[in-house]
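Chemist: Supplied in structure tokens, the structure appears directly below.
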Amino acid sequence: MTGADRSSVIVDLSRRTMNQAARLAMPVLPYANALRITMSQLKRHALARAGALAVVWLAMVGVFADFLASPAPLLCRFQGHVYVLPALTPRTSPIRNRDHYQVERTREDWAIFPPVGFGPEDIDPKSVYAPPLERDHLLGTDGQGRDVLSRIVYGARTSITAGFFGMLAFAGIGIVLGALAGFFGGTTDAVITRLMETLSAIPSLVLVLVVQALLPQASTYTLVLTIVATQWTDVARLVRAEVHQVLAHEYVLAARALGLSSFRILRRHVLPNAIAPAVVAGTVGVATIVLIESSLGFLRVGLPKDTASWGEILSQCRARPDAWWLIVFPGLCVFVTVVSLNLVGEALRDALDPRLRDASESTAPPPREVDRESALPTAASS
């Protein structure tokens, strides 16, 4: 073999090696493929679909609470003027409630009211601890004469808002710090790990009680931020462990050999393959925040006074144990929300973990084969 032939062979081998390295450097599970695989796997879980529908329904109830429960109408013509969505600002509405509308209306007036004609803070002094289906209160009233159904609707807004915004906050912090700790190691890993261990030793409920006691006025924002301060450690720990495993794969070594920067390797090749546990932990974390918020509402700490909360409705049964509607309906809402989120989290875990996904596919029953010869009619049967 001449020198020219030897050079051409070396160039050809180098080109093949670089092409193979480029293929290996592509992420194994990009975000688009992860979403596609997740959605296809979730279709196989009937309970997960039911849980997802329940969570979406509760989220819609919280978002559109003003359209579902309000003393003011959604649309009306009153005293010669047409008002659009006065239910969003009931204090400035020309119609205070349905009784006021019936007294002041004229023949040309008309109004469309929400399904529940009471706001979360509206008090009916004649209906204190009224049982369900009494005096237009479908689920009864509490100890101050407030409609339970209206407070449950607005309590869904409080719980779901705190849960989802808290999840976005602690998942984002946990993913970033966990990825940095696992990828760079050394001093970065030591500092973040010590911080995780310190915050993990503090119970979330105790920290919330201490912080809310030190603040002059409690608010939902401080409640969410305090919960986030302790919940991000679980996500960071999972992401850090996954990053350590991903760094040993060949496509990461190929990306390093191509001379890619550390942040590009982390963002483009490592993080897409290590984010799956964070998604599952974030889904379960929403249920944790809902439970903590309901517990604080039951203790009547951590939330502003008169804030509609499922836990606050439950707390009123201590003064009136025979008021069963104050236990059953808000307790059922908390139970359904937590169970639904856990079902969705388990389905996401099975969908995003390749080992669990392969195991579920291997245990699935094979498609039924039809024997065409036996299906054909014979001369005797015809």
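The values are calculated or read from the model by the stated rules, or taken from the named source; none is laboratory data. All of these numbers come straight from a predicted model, not from anything done at the bench. Glycine also receives a Cβ, built like all others from the backbone with ideal geometry; neighbour counts cover every protein chain displayed.
Chemist: Going by what's in this entry, would V208 be described as crowded, with 18+ Cβ neighbours inside 10 Å, touching a strand residue (DSSP E or B) at 6+ places or on another chain (Cβ under 9 Å) and hydrophobic (A, V, I, L, M, F, W, C)?
Modeler: no
Chemist: Something else about it: Looking at A87, is it among the small types (G, A, S) and in a loop (DSSP other than H, G, I, E, B)?
Modeler: In short, no.
Chemist: So which residues in segment 120-149 are under 25 Å from T222 (Cα atoms) and crowded, with 21+ Cβ neighbours inside 10 Å?
Modeler: P120
Chemist: So which residues in segment 49-72 are modelled with pLDDT of 90 or more, within 11 Å of T337 (Cα to Cα) and small (G, A, S), if there are any at all?
Modeler: A54, A59
Chemist: Could you tell me whether L75 is buried (at least 18 other Cβ atoms within 10 Å of the Cβ), modelled with pLDDT of 85 or more and under 30 Å from A308 (Cβ atoms)? First the steps, then the outcome.
Modeler: On the way: buried (at least 18 other Cβ atoms within 10 Å of the Cβ): no; modelled with pLDDT of 85 or more: yes; under 30 Å from A308 (Cβ atoms): yes.
Considered against the rule, which asks whether it is buried (at least 18 other Cβ atoms within 10 Å of the Cβ), modelled with pLDDT of 85 or more and under 30 Å from A308 (Cβ atoms), L75 comes out as no.
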